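> First the structure, which I've put down as structure tokens, then a few questions once you've had a look.
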Amino acid sequence: VLDIQLPGAIGGQRLLKLVEESHPDLARRAIVITADTLNYETHRFLQSLKCPHHEKPFMISDLLKSLELVLGRRGNAS
């Protein structure tokens, strides 16, 4: 589970990009969360993802469904 607004120099978007480059299978199993969906760049980024994403606040049941999805219990993440 990766928050887009990670503190520090790298940030969540860059971290996910690095994971995609080095471990693409792992990146597809990521679940992205953010409270920044009103930001145009964040919105564009979310639309480009090949993994589930959730806007904060979200229902824990939705996160659990995404966890089942990325762990392969409900097909492939798209």
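> When both residues are 6+ apart or on different chains and their Cβ atoms are under 7 Å apart, which pairs have a first residue that lies in segment 1-12 and is touching a residue at least 60 places away in the same chain (Cβ under 8 Å), and a second that is surrounded by 15 or more Cβ atoms within 10 Å (Cβ to Cβ)?
1/31; 1/33
> Would you check which residues across segment 37-59 are within 13 Å of the chain's Cα centre (by Cα), more than 15 Å from residue 70 (Cα to Cα) and either acidic (Asp, Glu) or in a strand (DSSP E or B) (or both) and list them?
Selection gives 55 alone.
> Okay, moving on. If I ask for residues that are polar (S, T, N, Q), open to solvent by less than 50 Å² (accessible area, probe 1.4 Å) and closer than 20 Å to residue 7 by Cβ, which ones from segment 24-70 would you list?
Residues satisfying the conditions are 34, 37, 42.
> Just to check your reading of the model, which residue among 66, 61 is among the hydroxyl-bearing types (Ser, Thr, Tyr) and closer than 20 Å to residue 24 by Cα?
66
> Are there any pairs, at least 6 apart or on different chains, whose C-beta atoms fall under 8 Å, with the first in segment 41-62 and closer than 13 Å to residue 16 by Cα and the second surrounded by fewer than 18 Cβ atoms within 10 Å (Cβ to Cβ) and among the hydroxyl-bearing types (Ser, Thr, Tyr), and if so, which?
Here the result reads 46/37; 50/78, each pair linking segment 41-62 to a residue that is surrounded by fewer than 18 Cβ atoms within 10 Å (Cβ to Cβ) and among the hydroxyl-bearing types (Ser, Thr, Tyr).
> Another question, then. For segment 2-23, give me the residue count where each residue is polar (S, T, N, Q) and either at pLDDT 95 or above or open to solvent by 80 Å² or more (accessible area, probe 1.4 Å) (or both).
Residues flagged as polar (S, T, N, Q) and either at pLDDT 95 or above or open to solvent by 80 Å² or more (accessible area, probe 1.4 Å) (or both) within segment 2-23 amount to 2.
The values are calculated or read from the model by the stated rules, or taken from the named source; none is laboratory data. Keep in mind the model is a prediction, meaning the values are calculated, not measured. As a convention, Cβ positions derive from the backbone with ideal geometry for all residues, glycine included, and neighbour counts pool all protein chains shown. SASA here: full protein model, heavy atoms, side chains in, ligands and nucleic acids out. Shrake-Rupley method; radii C 1.70, N 1.55, O 1.52, S 1.80 Å.
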